[in-house]
1. Tally up the carbon and sulfur contribution to the accessible surface of the range 117-231 as a whole percent, 1.4 Å probe, everything protein left in place.
2. Mind checking which helices in the chain clear 27 Å along their axis (Cα) and have mean Kyte-Doolittle hydropathy of -0.5 or more, DSSP H runs only?
3. Among 191-199, 44-52, what's the highest-first ranking by average C-beta atoms within 10 angstrom per residue?
4. Could you calculate, for the range 215-356, the ratio of the Cα radius of gyration to the Kirkwood radius, expressed as Rg to Rh?
5. For Thr245, what accessible surface area do you get with a 1.4 Å probe? Give it in Å², rounded to 10.
6. Would you kindly work out the equivalent ellipsoid of the range 272-385 from its C-alpha gyration tensor and give its semi-axes, the square roots of five times the eigenvalues, largest first in whole Å?
7. Tell me the volume per residue, in Å³, of the convex hull enclosing the alpha carbons of the range 110-225.
8. Under the 0.36 nm per residue contour assumption, what length would be gained going from the current alpha-carbon distance of Thr149 and Ile165 to full extension?
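The values are calculated or read from the model by the stated rules, or taken from the named source; none is laboratory data. The structure displayed is predicted, hence computed values, not measured ones. Neighbour counts are summed over all protein chains in view; Cβ atoms, including those assigned to glycine, are modelled from backbone coordinates with ideal geometry. Accessible surface areas use protein heavy atoms only, side chains included; no ligands, DNA or RNA. Shrake-Rupley method; radii C 1.70, N 1.55, O 1.52, S 1.80 Å.
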Amino acid sequence: MIYDHILVRYGELTLKGANRKTFVSQLRSNTKKALMPLQGYKVNANRDRMYIELEPDAPLDEMLDRLSGVFGIRSISPVLKIDKTLEAANQQAIAFAQNYAQGDSFKIEVKRSDKQFPMETFELQRDIGEAVLKNTSGIHVDVKHPDHTIKVEVRLDAIYVYDQIIEGAGGLPVGTGGKTLLMLSGGIDSPVAGMEVMRRGVTVEAIHFHSPPFTSDKAKEKVIELTRILAGRVGTIKLHIVPFTELQKQVNKVVHERYTMTSTRRMMMRVADKLVHRIGADAIVNGENLGQVASQTLKSMYAINHVTSTPVLRPLLTLDKEEIVKKAKAIGTYETSIQPFEDCCTIFTPKNPVTEPNFEKVEQYESGYDFEEMIDRAVDGVETLTITKDYQSDKDRETDALAEDLF
Ligand code: ATP
Ligand code: MG
């Protein structure tokens, strides 16, 4: 079957009356970005749905795959747009049914939004069903549990026929919900946390704390790769890489060993907070999960959070690890996250960190040094990469060039 359109149904945005215009135009722009650089289509978005017009050679499967990852899309269907006649509807329904396996059941479901159309819904269903039965063999009607439902939508401009509905990513279009700074570590949790807020329409920039030579370039590459996967949903994501070695060393010098982790996290938060202001974001997002590790008790969150008044969003706070792993697999970050490159925290983690830190105590330790200047230096030293879904790191480019030389 050569389809001529993809029908895109909007998600929750139908609920948001006043904001509909913004939502639709953002979704149109995100859809175009997601489909880039594919060729052979035209995107037409109107108030309540989107039609993507296809040229005969458009890469349909690839397009469906990409569209199913765009937030704000509830579902998609490859459709045929036909003349507004019973004959045309019959022909198209028959063409679908001829592909069904022997013994399969089907039903015709008509939606008639053009109230001027000369035939009633019920009549149409009956007539099209009869035409299908007459022109096929080995299939039968089952209105309760059909194997196939042929949908016929009679609309003002045309009739649309299809028999497939592919579930979309749901949520809201990214770009309609403000901006956040995601603390992206390279572990399993933080990329999932980022995806969760993106699902709610929020734009994400990422911040990663890098401590060379204690953490390798491999760890950095891993975070770039995770950002690239997240960018697959929106086109591009900015990744800010913070030189963190100096701060981390200083913390280890002045803070009691059992409190270094709490203090390190507080330094991260202070750097993130400054960057939040610099990029015009409104919140910090992290992958913290209640009770998972020593640094994620309520007391610990309190002590870490105490350095900022910027909201810190923790979308995974109450999930079980299994649920997070399942989500990580579903969004495609899991395999990258489990690669064994240490991040800056693992390396400096004390043997016996305090699990219920007293924030006054940690502040007392930190008062032994004026960290402010060092924090500013870290922020000034940030390396910002714009990661697209097709981003290639320098290393990959070198490998590719080498491969081209060889063959
Ligand atoms: P993750 O799987 O996201 O690393 P985790 O269970 O390992 O989470 P922690 O290592 O305690 O948890 O980190 C808690 C959160 O702090 C992370 O989810 C992440 O948001 C942030 N974080 C930790 N290390 C870094 C880092 N090097 N750069 C940026 N953010 C970090
Ligand atoms: Mg971690």
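1. Working: 2400 of 4620 Å².
C and S fraction of accessible area: 52 percent.
2. Membrane-span-like by this criterion, though nothing is claimed about a membrane: 260-279.
3. Ranked from most to least packed, the peptides come out as 191-199, 44-52.
4. Expressed as Rg/Rh, it is 0.94.
5. That residue has around 20 Å² of solvent-accessible surface.
6. Equivalent ellipsoid of the range 272-385: 26, 20, 16 Å, largest first.
7. Values: hull volume 23.2 nm³, N = 116.
Output value, Cα hull per residue: 200 Å³.
8. Fully extending the segment from Thr149 to Ile165 adds 4.8 nm.
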